Amino acid sequence: MVETRNISLGGLLFHVELPAYNVLNGYLADLKKVLRGAEGKDDILQEVEYRLAELFTEFMGASRTVVTLGDVEKACGQLGEPTEFGDPDVDGADKGARRGSDSSSADDGPRQRRMFRDPDDRIIGGVATGIAHRIGVDPVVVRVLAVFLLFISGPVLVLLYVFLWCIVPKARSVSDRVAMKGEPVTVDAIKDSVEDQLKKAQEQFDNPHVRGRVRSAWTHFISDQLPRFLKALTKVLGWLLLLIVLLTLLAFGGFILSALVTGSWNFFGAF
Amino acid sequence: MTKETAASTAQMRKGVLELCILRVLRQGEAYTSDIVAALQAVDLLVVEGTVYPLLSRMKNADTLTYRWAESPSGPPRKYYSMTSEGETVLKALEASWDQFVDSVNSLSTAPKI
């Protein structure tokens, strides 16, 4: 039995399978993004909503009551990619601007990664992971670098971290996650992302002790211990970072306090 | 068809879409899906997404107007019809279209210079 969500489209109630619901949500979120600031945005979204309601009713006929992933994909395919909804007049200018700021991506078209904080892989605010996704390296690299830089630049890095934490949005929707990890935002990519999350959930569900009784100690280490070790290492680094952040904040606060008392704003003289 | 020619064809379709919608509506009011189906039947529309922004723009320009109507099975339907302003726009667009076709065709039949 697949989990379902209830949604209202065009005044009708639909039961939608969870994977289908996620794809639909991603699609609508992308659509809203494309239409942001566009003339007649509400009209267009209303048309889409009623059209989706009609297509779902048509696809399900009288025999089914639940909207499946197939239905959603078919409907979204028929409506077209969110970018098709863009105003053709501003199309050219938009593309030019995106190309101009794009340096890291590969051959075809704008695949600009966007910076988000990653709620799935965070120690404090997910800023380090966000940076890692943005520039395409492993989060551990960013964290090690951050800890290293903390010893050199101290409060500056802390302030920078807090600043980024405030201004960088968290990756909430599926399409945010796709944009964060740098795949093109299409229905397919969102589907992949949803399937990825489902697989992860499935893997956690499967009992690891049942499998792999015949594996050698080495493969056991590679497949089981090493990821766990790396994960633990990441955690430790993260906590270390947090500790240093707190200590630095404390020291910084102390400095300001002492500066207020003594009237001397010489940072190193305070210690 | 190569990627480039496909893109050009898509641009052409986009360009004549307003004219086509008005021609569909000249035969009487139609709701969104009717318009979409009519255009798709003659290969003038590949994905529906391009129609909705245009409908909204035409409505705001008073070329179109609409009314809501109940549907026997699905959600309520938005029936569009042409305004008198729309008739004027249609005539102007048809004139441009005829001229456009003539111009393009004249190139293929013109003697070599």
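The packing ranking, built from the mean of other Cβ atoms within 10 Å per residue, places the peptides A:22-35, B:29-42, A:144-157, B:53-66 in the order A:22-35, B:53-66, B:29-42, A:144-157, highest first.
Helix B:84-109 and the longest principal axis of the C-alpha atoms of chain B enclose an angle of approximately 20°.
Please determine, in degrees from 0 to 90 and to the nearest 10, the orientation of helix B:51-60 with respect to the longest principal axis defined by the Cα atoms of chain B, where the helix direction is its Cα long axis. So the inclination is approximately 70 degrees.
Once the C-beta distance of A:Ser63 and B:Ser96 is scaled by a Förster radius of 35 Å, the resulting FRET efficiency is 0.15 to the nearest 0.05.
Near the amide H of A:Gly10, within less than 5 Å, lie no amide hydrogens of residues on another chain or at least 5 residues away, with H placed in the peptide plane. Partner shielding of A:46-56 amounts to 5, given as the average count of beta-carbon atoms from other chains within 10 Å of each residue beta-carbon. Relative contact order, whole percent, for chain B stands at 25, derived from Cα pairs under 8 Å and 6 or more residues apart. As a check on your grasp of the helix formula, calculate [θ] at 222 nm for chain B: sum -39500 (n - 2.57) over DSSP H runs of n ≥ 4, divide by the residue count, round to the nearest 500. When only DSSP H runs of four or more count, the value is -21000 deg cm²/dmol. Using all alpha carbons of segment B:7-90, what is the percent of pairwise distances in each 5 Å bin, ordered from the shortest bin to the longest? Answer for segment B:7-90: a P(r) of 3, 15, 27, 25, 18, 8, 3, 1, 0 percent.
Only the coordinates and a few stated rules stand behind these numbers; no lab work does. Treat the numbers as computed from the prediction; the structure is a model and nothing was measured. No Cβ is skipped: glycine too gets one built from the backbone with ideal geometry, and neighbour counts run over all protein chains shown.
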